[in-house]
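J.: Pasting a structure below so you can have a look.
The values are calculated or read from the model by the stated rules, or taken from the named source; none is laboratory data. Bear in mind that the values here come from a model prediction, so they are computed numbers and not experimental data. Backbone-built Cβ (ideal geometry, glycine too); neighbour counts: all protein chains shown. Heavy atoms of the whole protein, side chains included, go into the accessibility calculation; ligands, DNA and RNA do not. Shrake-Rupley method; radii C 1.70, N 1.55, O 1.52, S 1.80 Å.
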Amino acid sequence: MEKQMDREIRKTFWNAFHSSPVVMMRLNETAGHAEPMTAQLDKEAHHAIWFFAKRGNRIARGGKAMGQVATLRHDVFASLSGLLVEETDPAVRTKHWSHATEAWFPNGKDDPNVIMLRFDIDDAEVWTAHIGVKGAFNLLTGRPIDPSQAGDHVLGAV
């Protein structure tokens with residue numbers, strides 16, 4: 001049985017996600033595939049991430065959505081569910097605008113074809129992987145890995 005989300009796992013998730021802020025996003029009510037989006041993270045925000053996208057992007061209309069995360073070091077994996085809505089606060093848009101964002105949207109943050117979306121995360125399922133030296137040896141040699149020593153699997157708000 002999965003554990004409930006605790007402060008330690010929540011911190012592990014956000015730290016790993018910060019190092020690799022890419023999430024595969026998909027609207028629940030569509031048949032299309034998920035697409036990679038670079039999340040704009042805010043340490044002061046709880047349970048929310050932001051994205052810049054073209055107004056015609058497949059997720060731009062918003063709604064119930066799912067996001068899948070696999071961090072750079074493959075030490076944290078997560079499935080996020082929540083509501084994707086247009087962020088209308090110009091201060092938030094300005095706060096998250098960067099040179100990297102401008103590289104994707106060269107007409108600037110005031111381009112009417114650029115939308116900012118906020119993903120309000122309702123629930124998450126998070127897996128952490130920390131198999132250690134013994135586990136890595138077992139992987140290399142084909143020996144069994146004890147699941148209780150491979151990491152955590154938790155449910156709850158991140």
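J.: I'd like the residue in segment 14-35 that is among the polar types (S, T, N, Q) and open to solvent by 30 Å² or more (accessible area, probe 1.4 Å) and, out of all such residues, is farthest from residue 128 (Cα to Cα).
T.: 30
J.: Then there is this: Scan segment 36-49 and tell me whether some residue there is farther than 16 Å from residue 18 by Cα, surrounded by 16 or more Cβ atoms within 10 Å (Cβ to Cβ) and in contact with a Lys or Arg (Cβ under 8 Å, 6 or more places away or on another chain).
T.: No, segment 36-49 contains no residue that is farther than 16 Å from residue 18 by Cα, surrounded by 16 or more Cβ atoms within 10 Å (Cβ to Cβ) and in contact with a Lys or Arg (Cβ under 8 Å, 6 or more places away or on another chain).
J.: Here is a follow-up. Look through 153, 99 and report the one residue that is more than 29 Å from residue 30 (Cα to Cα) and either at pLDDT below 95 or more than 20 Å from the chain's Cα centre (by Cα) (or both).
T.: 99
J.: Can you find even one residue in segment 84-95 that is in a strand (DSSP E or B), at pLDDT 95 or above and crowded, with 18+ Cβ neighbours inside 10 Å?
T.: Yes, because at least one residue in segment 84-95 is in a strand (DSSP E or B), at pLDDT 95 or above and crowded, with 18+ Cβ neighbours inside 10 Å.
J.: So, in segment 101-110, of the ones that are assigned to a helix (DSSP H, G or I) and free of Cβ contacts under 8 Å to residues at least 24 places away in the same chain, which residue ends up surrounded by the fewest Cβ atoms within 10 Å (Cβ to Cβ)?
T.: 103
J.: Something else now. Run residue 113 past the list (1) surrounded by 14 or more Cβ atoms within 10 Å (Cβ to Cβ); (2) polar (S, T, N, Q); (3) more than 19 Å from residue 6 (Cα to Cα); (4) modelled with pLDDT of 95 or more and report the number of the one that doesn't hold.
T.: Unmet for residue 113, out of (1) surrounded by 14 or more Cβ atoms within 10 Å (Cβ to Cβ); (2) polar (S, T, N, Q); (3) more than 19 Å from residue 6 (Cα to Cα); (4) modelled with pLDDT of 95 or more: (1).
J.: It is to be established whether one or more residues within segment 2-9 are open to solvent by less than 60 Å² (accessible area, probe 1.4 Å), within 17 Å of residue 79 (Cβ to Cβ) and outside any helix (DSSP H, G or I).
T.: Yes, some residue in segment 2-9 is open to solvent by less than 60 Å² (accessible area, probe 1.4 Å), within 17 Å of residue 79 (Cβ to Cβ) and outside any helix (DSSP H, G or I).
J.: Using the structure shown, decide if residue 66 is open to solvent by less than 10 Å² (accessible area, probe 1.4 Å), in contact with a Lys or Arg (Cβ under 6 Å, 6 or more places away or on another chain) and either farther than 21 Å from residue 158 by Cβ or modelled with pLDDT of 95 or more (or both).
T.: Considered against the rule, which asks whether it is open to solvent by less than 10 Å² (accessible area, probe 1.4 Å), in contact with a Lys or Arg (Cβ under 6 Å, 6 or more places away or on another chain) and either farther than 21 Å from residue 158 by Cβ or modelled with pLDDT of 95 or more (or both), residue 66 comes out as no.
J.: So residue 59 passes all but one of these: (1) within 20 Å of residue 125 (Cβ to Cβ); (2) free of Cβ contacts under 8 Å to residues at least 60 places away in the same chain; (3) of a type in the set (Val, Ile, Thr). Which condition number does it fail?
T.: The one condition residue 59 does not meet is (1).
J.: Quick check: anything in segment 89-100 closer than 24 Å to residue 129 by Cα and of a type outside the set (A, V, I, L, M, F, W, C)?
T.: Within segment 89-100, none of the residues are closer than 24 Å to residue 129 by Cα and of a type outside the set (A, V, I, L, M, F, W, C).
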